[in-house]
Structure formats: C-alpha cells, structure tokens
Amino acid sequence: MPFDISSISIQMYLIYALGAILIFLVIWIMQLERKVRNFTRGKNGKSLEDSMVMLKKGQDDLIGFRKNMEDYLREVEKRLRRSTQSIETIRFNPFKGSGSGGNQSFATAFLDENGDGLVMSSLYARDRVSIFSKQIKKFKSEVELSEEEKKAVDDAKKKLELK
C-alpha cells in the first residue's frame, strides 16, 4: 500500500491539533482545580458544607421573621384604623356682644378614619365652665350638634380626606 505524502501531512496536522486540544484541556482542568481548592479552603472540605447549611438556616430564619412582621403590621394597621386620626378644635365666644368669656369656649372633634369618635364642647363663663361630650358614628351624631361642633366634625373629616 503506497503512502501518499499528503495523507501523512494530514495525519500530522491531526496529531498536532489533538495535542493542542489536549494541552488546552489539561490547562483548563488545572485552573478549575485551583479555583475549587481556593473555594473549599478552610479547616476541611466539610467547612463549605457547614457554611451552606448555616446560610440556609439564616434564610429560613429571615423568612420566618418576615412572616411574623407581616402579621404584626396587619394587626397594627387594624388598631391604627380604630385610633384617633384627626383632631380639630374650633374656638368661639358663646356670649356674643356681652364680652363675658371671650373666645375661651371650644368644640373639639376626635375621629378615627371611619368617622367614629366624639366631639367635646366647653362653654366658658366667668362663674362656671360646662363641658359636653357627644358620640360620633360615621361623621354623624344621634344628638343634635351646635354649629361649632358641626364645623369641628366637618374640619376633622376634611383633614382625613387629605391623607
């Protein structure tokens, strides 16, 4: 069987190419081993696993904490809705023209975001002070409100609408 020079040169090129690929692969494997060795450096190979277990536990703790905080904030929101959100005071003189008492009288509305609460009124005169309290439900009262009390409730309602 005759040997052709071109077939020998092709075989040589193939051997050189395979050798180059083999050298490249050996260098690549050595670099990967060095990276793995640097990554697992520590007291022993177990330390990497311990670190990962510790990270997983920390993540689980954070997930539990987040759930607890969400539940807590839901409860805070419920309580906040029932708390006083708006307070408005109107000062007035109930004895117009006589000058006795000045603007010492007041009507103050205390309302939550649902419009529930109370309105307190004070009538000030030189010889006495009278204080009244009326319950408010949905921005209304079962008892008739004075003009100043109505204005205090309306102003508190407007303040809530701005939020």
**Message:** Quick check: residue separation of residue 122 and residue 37 times 0.36 nm, minus the Cα distance between them. What number comes out in nm?
**Reply:** 22.4 nm
**Item:** Cβ charges +1 (Lys, Arg) and -1 (Asp, Glu), total dipole of the chain, debye
**Value:** 380
**Complete:** Residues whose modelled amide H sits under 5 Å from the amide H of residue 105, counting only those 5 or more places away in sequence or on another chain, are 92, 124
**Request:** For region 86-162, build the convex hull from the C-alpha positions and give me its volume per residue in Å³.
**Result:** 75
**Length released on extending from residue 25 to residue 137, taking residue separation times 0.36 nm less the Cα-Cα span** = 32.2 nm
**Prompt:** Between [x] 41.9, 138; [y] 41.2, 137; [z] 16.3, 51, which matches Rg and Dmax of the Cα atoms in Å calculated for the structure shown?
**Reply:** [x]
**Fill in**
With 0.36 nm assigned to each residue of separation and the Cα-Cα distance removed, residue 162 to residue 51 gains 34.8 nm
**Asked** What longest region of the chain stays clear of GluC sites (Glu not before Pro) that DSSP places outside H, G, I, E and B and that have at most 16 other Cβ atoms within 10 Å?
**Response** 1-112
**Fill in**
Among trypsin sites (Lys or Arg not before Pro) in region 104-146, those in a DSSP loop whose Cβ has at most 16 other Cβ atoms within 10 Å are 126, 128, 138
**Message:** Taking θ = phi - 60°, what integer Hz values does the Karplus form 6.51 cos²θ - 1.76 cosθ + 1.60 yield along region 136-146, in sequence order, with x for Gly and Pro?
**Reply:** 10, 10, 6, 6, 10, 10, 6, 9, 5, 9, 6
**Message:** Running a GNM on the chain with Cα contacts under 10 Å, which residue among 58, 115, 19 ends up with the highest mean-square fluctuation?
**Reply:** 19
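Here, each number is a calculation from the coordinates, and none is a lab measurement. On a predicted model such as this, the values are computed, not experimentally measured, just so you know. Using ideal geometry, Cβ is built from the backbone for each residue, glycine included, and neighbour counts are taken over all protein chains shown.
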